[in-house]
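Take a look at the structure set out below.
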Amino acid sequence: MNNIIPQDSQGTPLPAAVFSGDFNAGKSLLINALLHQNSLFISREESMTPPVLVAKSDGGDVIYGARPRGEREAVALSREQFLSSRKVGGVPCESDALCVLAPEMPFRHFVLVDTPGASSQENRPAIPAAAPALDNALFVLVTTLEYWPARHTMSLIREYQMRFPGRFIVVANMADHINTNEIRRVRDKGRQRMERNGIAPAPPFFTLSARLELARRTGDDEYRRRIKADVRELCDAGFDAFRVALYEFEAKVASRAVDYDLETLLNSPLAEAVIMNQKGQKIC
Amino acid sequence: MLINPHQENREWLLTALDYLEEFAAQDEDYFGDRSYEAKAMAYQRAVVEDGKYRVVFLGAFNVGKSTAINAFLGGAYLPMDIEECTSRLTFIRKGEDLRLALQLESGASRNEIDALERSLAGIEAVVEISDDNRSLTVRCPDQNPDRMCKALEPLVTVSADECYPHLAPLRGKMESLTLFLPTDALDTDIVFIDTPGVHSISDTRQKITYDIIEHCHLVVLFVDSAFVGNVHDLNFIKRIITCRNRRVFFVLNKADKLENEEIDPRATHGPAAQLVETFRRNDIPDNADVFFLSGYRALRAIELDQGLLKLEEALEDNKLLIPTAVTERIVQSQEPERDLSAYLMGQSRFSHLRERLLDYLINENKSNAIVSLAGRFVYERAADYLISIRNTLKLARDPRKFDELRASREALMDRLKTIRETVGAALKTYGIRFQGGELDGAEVPGYVARMHGLLTEAAIEAQVVQPTLSWLRQDDHLKQACRDKFKPLALQLEHQVDTFVTAILGTLTESVEASEKEVSEIVAEQIGAARDLRANLMEPEKILHAQVESSVSGEYVAFGTGGALVGVMAGAAVGSVAPVIGTAIGAGIGGLLGAALGFLARLAWSEERWVTKLTPLVRQNALEMLLQGKADGARPIAALIAEYLENRGKAFEDAVKAELENALDAVQKESSSLLAREEEIRRERDAIIARLEPKESRLEGIRSRAESVLEEDPMPWAST
């Protein structure tokens, strides 16, 4: 492994996409869909998960790692250990952060960060405080097409947009459960709705289905067939647009190639900022 | 001639509510939140007036309340949309024909009526107007649900503001909107209420829904089954359940999004279990029924049956999420409409909810519930208004009492302190009974210790393992178990564990409840004493007296606001542990199945050999499930019970303390507000006396009559 730390000598922050949202909104599924594989745990059950950092590795197998609670040393995990680090039913987890290095990761520079969802344990997802380590980060709020304009989501959008203008997008997931005319209507009125609620300029708004996208990439035809063709097309188009937005942002902020390894990624200022933020909210 | 006491009580309640409403709205001697009180009173009067039992449908916007009500009514009468849809309360009642009744706050202008008629032009609806222009009736000639839906759209939907701006003035005047329809689904004495969703971005819509809650008799609460237990719903649920110990039907809607194995109304796994688990962790009493539903599928099935929905449209509807295999079967079927409708209806689980709800509504004593809710309301308000009036009167009659009031302030504070200490001591005893320790010179084991004393290895062997094995030896049970891959054995073990745990829980709960009741009585008495202090602020001898003779019995207090919560906490409402244990048992049984399956190759074994081989498996599983926990980290039932006991103890203590602080706070406020008015009261004594005396006797009359109404109708929680 080259001895390049993932933050160059000028201290340029790592390019990252930070995913947040209520539990069950589909953050992990969305990252899995971007990775074209089931790398992260997903579950309908409310769980306690530390932040997960996903980045591209040089090749070989997928590498899993963790930073045990209160320690600085990163440890490698087997896939089974990684998957079992998720705790259900209010049991606190043993790590401050987890990490996945995947050779098939489509983003060369980006670190994708999966943050714990808001649950019945705390009031809402932690909005990260602006920090130098997050200066090259894009914030993705994951919500659902049916419930996105709820008052709590709207106030989150407002705060994100104020804190990270131009680096914030909203994803309305689970568009595959309704009909095309309805998806179009919600999609086309999305930004208008935000603006009417005093969020101007409104952040980009994508309607998509992470589950359908993952099925597209993993060849789960059974699920694809269940969804009507016109809905499928609309959802796929939505996801493609979202992916392009990520690529564009990555191209804008990534200046040079970085090689990631467990130790450096889990001890990067980015990981530090994400962990601090979670701790401030007393999760895990 | 027999006089119907209900009828008499009802009529009296109406006059009492009239008076209280006027008092709260206009009387210069009322010092509370005028607009809220007057409005609440007016609404409560309307409830008594029409004597209808109110069933309210609550939940987040878009969760499918209107769709489910439509399924109940057997047609899409109420507007539905993929975006936030309902913006106003819609009352739904049985009527002779299909019509919409609008009650307005003030008469509609000619322009407003024209605007309404124009917006209804496309559906051939007729508008009838009362003489005072305050009641409008919209009739749809052919009883078609779709037309009614179109008539409602400009009136009750969120999008109406954009699509029908010219009707805005009329919508602004709407006081209530009632949909009458000829249906067998509703009895004449029942009103369904469709509400705007909570979590709405609009404060107005949010408030409409929150305000209706305290005036309803039964709550049907909707949660999206894919997002069970999210914190936003949770806060709302907490509020509904803690507001009176009222019956709640929980509906996990949009169950079509779930996989079949996730749908488990017994709440041993899946979203239902998650809901119960979330309730447990948040100390929410969960004496509620949980139903899965796909309201959308049910409604579409009904429309297919009625020929209002075409087969092709249904098959093209992505929202119905019909599996490919089912579509293929339907297309080849002889009667595709009927088959698809049957499939959708079956999958929707609607009939289960409908039967349970209708059954509940038939068996519930509805007129009792209405009089009792209103009686309690009147009693609480009258008793509360009376205290300040009497205190002011005493000071006006004898201004020397101001000096006494000032002089006895310190004694008052002392008394409040004593009350706190008395309750504190009772809670301490309660705590010792919970945790164990020394009580009256004797060592008492805590509940957790007692549970461990009951849940021993020996007891498990005798009451779980051996009975399971003897079951195995009976009849053909062993053979059947082998044939069905040991599922019958697992079920039998589950049953034995269930019986065993239920017995232990029964024993523990009985003594926990006895202890809670004892503390509740002490707390009720002390809250009564605090009320007494507030009522007797000007009687130093009563304040100074070390042992306040509470003229207020525990029962009296239980009627009041203060006692209500304590009464509830003392009952079964702190939360049930049973569903959680059910989950643990369900999960535990899996292990036995896996291990036993390995034996299946040995079919040649004799029966005794089988039993010998299975015995350690059964024993190990029972022990792991109950005492030791599983290798995969699943916690044993003993730990779950221990945690439940601790939570229950804490929830009770917190509730008691909060209630007590409220009562004590009221005393201090009363005393300082009276002193602040000293000058005015001294100056205008005679006028004040002349003014207050009739009010005092009126309120006292109402209070004591309401008390006797309540004695005829026991509190809902007294029966549970």
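The values are calculated or read from the model by the stated rules, or taken from the named source; none is laboratory data. Because the structure is predicted, anything quoted here is derived from the model rather than measured. Cβ sites come from the backbone with ideal geometry, for glycine too, and all protein chains shown count toward neighbours.
Data overview
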quantity	calculated
Scan of region B:179-200 for residues that are more than 24 Å from the chain's Cα centre (by Cα), in contact (Cβ under 8 Å) with a residue 60 or more places away in the chain and either over 19 Å from residue B:64 (Cβ atoms) or within 14 Å of chain A (Cβ to nearest Cβ) (or both), ordered by number	B:180, B:181, B:182, B:183
Search result, residues across region B:298-339 that are away from every other protein chain (no Cβ under 11 Å), farther than 18 Å from residue B:64 by Cβ and acidic (Asp, Glu)	B:305, B:312, B:335, B:337, B:339
Boolean, residue A:96 is assigned to a loop (DSSP other than H, G, I, E, B) and either modelled with pLDDT of 85 or more or among the charged types (D, E, K, R) (or both)	no
Failed item in (1) closer than 20 Å to residue B:349 by Cβ; (2) in contact (Cβ under 8 Å) with a residue 40 or more places away in the chain; (3) within 13 Å of another protein chain (Cβ to nearest Cβ); (4) among the charged types (D, E, K, R), with residue B:277 passing the rest	(1)
Within region A:179-196, considering residues that are crowded, with 21+ Cβ neighbours inside 10 Å and more than 9 Å from chain B (Cβ to nearest Cβ), the one farthest from residue A:229 (Cα to Cα)	A:194
Candidate set from region A:149-173 (those that are at the interface with chain B (Cβ under 10 Å from one of its Cβ atoms) and in contact with a helix residue (DSSP H, G or I) (Cβ under 8 Å, 6 or more places away or on another chain)); member that is surrounded by the fewest Cβ atoms within 10 Å (Cβ to Cβ)	A:151
Residue count, region B:172-186 (criterion: of a type outside the set (A, V, I, L, M) and modelled with pLDDT of 90 or more)	3
Any chance residue A:176 is under 22 Å from residue B:325 (Cα atoms), within 14 Å of another protein chain (Cβ to nearest Cβ) and either touching a residue at least 40 places away in the same chain (Cβ under 8 Å) or crowded, with 23+ Cβ neighbours inside 10 Å (or both)	yes
In region A:232-258, residue modelled with the highest pLDDT [restricted to those that are in a loop (DSSP other than H, G, I, E, B) and crowded, with 17+ Cβ neighbours inside 10 Å]	A:254
Residue check for residue A:116: surrounded by 22 or more Cβ atoms within 10 Å (Cβ to Cβ), within 14 Å of chain B (Cβ to nearest Cβ), within 22 Å of residue A:267 (Cα to Cα) and modelled with pLDDT under 85	yes
Test: residue in region B:492-507 that is in the same structural domain as residue B:421 (by TED's automatic domain parsing), assigned to a helix (DSSP H, G or I) and within 21 Å of residue B:653 (Cα to Cα)	yes
Region B:606-619 - residue that is in contact (Cβ under 8 Å) with a residue 24 or more places away in the chain and either in contact with a His (Cβ under 9 Å, 6 or more places away or on another chain) or surrounded by fewer than 18 Cβ atoms within 10 Å (Cβ to Cβ) (or both) and, of those, farthest from residue B:479 (Cα to Cα)	B:615
Residues of region A:220-231 classified as in a helix (DSSP H, G or I) and facing chain B (nearest Cβ under 9 Å), total	5
Whichever residue in region B:206-227 is in a loop (DSSP other than H, G, I, E, B) and within 13 Å of chain A (Cβ to nearest Cβ) and, among such residues, is farthest from the chain's Cα centre (by Cα)	B:226
Helices (runs of 4 or more DSSP H) enclosed by region B:367-465 - at least 3 residues per element that are touching a residue at least 40 places away in the same chain (Cβ under 8 Å) and more than 39 Å from the chain's Cα centre (by Cα)	B:400-407
